Amino acid sequence: MKKYLPWTFRIIIFILFIVSGITKMFPLWSFEKQLVDLGICGWCSAHYLARGIIALELALGVAVLQPHFLKKLVIPSTILLLVAFCIHLSIQMALYGNSGNCGCFGQLIEMTPLEALIKNIITIAILVYLWFNVQDCTVSKLVYPFLIFIAAALLMFIAFPFCPCEKEKPATADISAEEIMQIKTPEDFQVNDSTTTLKDSVKMPVRDTVKKVTSLRDTVAAKKASAAASGPAKTSSKFAGFNTFGNQKADPDNGKKLICMFAPGCDHCRATAKSLCALSAKAGFPEIYILFMDEEANLIPDFFKEAGCSYPYQVLDIPKFWQVMGSGATTPAVYCLWNGHIVKSFEGIEKNQFDAAEMKKALELAP
């Protein structure tokens, strides 16, 4: 029994790590998003980190079956990795409780943080047993475990290619309408012509500048007053830059609009689109635009066929899609815009799932 037990445990560790790595691959963007939502990294580095973690899991799973540097490197590295996971899981439970899927086996096998913690502790115990009951190869060569990791990394980056994302440009320093409204008028301060003369006798056109600012302020005020009758003052939403959907020009921040963020293969997204299709048949219903995630984009025709109607859409690469949605958000998502203001949003399939009555109430539509 003592002869076969170490090999039995090594095979168990091999299966555990290989299954853990493979289940994180499908879909890989889900694991990337989990890393981003946890605040571990941003989307630009999530591509590398996700593939690196999976490659490390695959490499350790294979390396535990070979004899080179097994006791000096492979088993200690595996224990350290599991200890790091245990610390992470403990912090998550302390902050958020024992809820949600830890992601240890991707979306295929859901495990709570506590279940994952127990699994890791048992695995560490098995590895400690192996450390005391296995021996490294007599002529152990570091090149073998190194080559295993390189092969796993190449597999991940070749099988799951990606385009490195560009970091978002900082916001412009243009003055906003709200800042203009706070600019002081001539009545708010006294102008002394004598103080406008510089040492070189160049006169500053103070009163002309004040008049221009006042005129600009009055213009903004007039626009705000005219918009009050038909909704809130126009502002710029996170969808302002999306002015083309398919071949159709659009202005999401003008009037009442619905912006939907869907995954083409998501059944819940299709059900939401089907509900919107039935509602949009009514006169005066807001225009609907869809932002699709670039995952199974070939299913978009089937998506519209099941929904019963089609809408102008744009396909976003996966990082950009989730950057627009924001941390912690999930599909299907429907955003109700009124002059650029998100007056109501629906996300996911739980508490904040799409509700037609709530949407109509927020947009002041006929019931």
Can you find even one residue in the stretch 264-278 that is within 13 Å of the chain's Cα centre (by Cα) and either touching a residue at least 24 places away in the same chain (Cβ under 8 Å) or over 18 Å from Phe354 (Cα atoms) (or both)?
no
Checked pairs for the stretch 95-109, first not assigned by TED's automatic domain parsing to the domain that holds Lys24 and assigned to a loop (DSSP other than H, G, I, E, B), second surrounded by 12 or more Cβ atoms within 10 Å (Cβ to Cβ) and among the aliphatic types (A, V, I, L, M), C-beta under 9 Å and 6 or more apart or across chains, list as none
Being crowded, with 19+ Cβ neighbours inside 10 Å and modelled with pLDDT under 95: is that true of Glu57 here?
no
Residues of the stretch 220-247 being modelled with pLDDT of 90 or more and either outside any loop (DSSP other than H, G, I, E, B) or of a type in the set (Asp, Glu) (or both), in sequence order, are Thr244, Phe245
Under 7 Å by Cβ, and 6 or more places apart or on different chains, what pairs join a residue from the stretch 19-48 that is of a type in the set (Val, Ile, Thr) with one that is surrounded by fewer than 17 Cβ atoms within 10 Å (Cβ to Cβ) and in a loop (DSSP other than H, G, I, E, B)?
Thr23/Leu108; Val36/Gly42; Val36/Ser327
Residues satisfying the stated conditions in the stretch 325-344, i.e. over 18 Å from Asn243 (Cβ atoms) and of a type in the set (Gly, Ala, Ser)
Gly326, Ser327, Gly328, Ala329, Ala333
Checking Phe162 against (1) touching a helix residue (DSSP H, G or I) at 6+ places or on another chain (Cβ under 7 Å); (2) aromatic (Phe, Trp, Tyr); (3) assigned to a helix (DSSP H, G or I): exactly one of these is not met. Which one?
(3)
Mind telling me which of the residues Ala177, Ala173, Ala153 ends up being at pLDDT below 80 and within 30 Å of Trp43 (Cβ to Cβ)?
Ala173
Among the residues of the stretch 112-119, are any under 27 Å from Thr330 (Cβ atoms), at pLDDT below 90 and not aromatic (Phe, Trp, Tyr)?
no
Please work out if Val83 is aliphatic (A, V, I, L, M) and either crowded, with 16+ Cβ neighbours inside 10 Å or not in a helix (DSSP H, G or I) (or both).
no
Looking at the stretch 282-313, which of its residues are within 23 Å of Asp251 (Cβ to Cβ) and loosely packed, with under 14 Cβ neighbours inside 10 Å?
Lys282, Ala283, Gly284
Would you check which residues across the stretch 294-306 are touching a helix residue (DSSP H, G or I) at 6+ places or on another chain (Cβ under 7 Å) and at pLDDT below 95 and list them?
Asp294, Glu295
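The values are calculated or read from the model by the stated rules, or taken from the named source; none is laboratory data. As the structure is a computational prediction, the values presented were derived from the model and not from experiment. Virtual Cβ from ideal backbone geometry, glycine too; neighbours counted across all protein chains shown.
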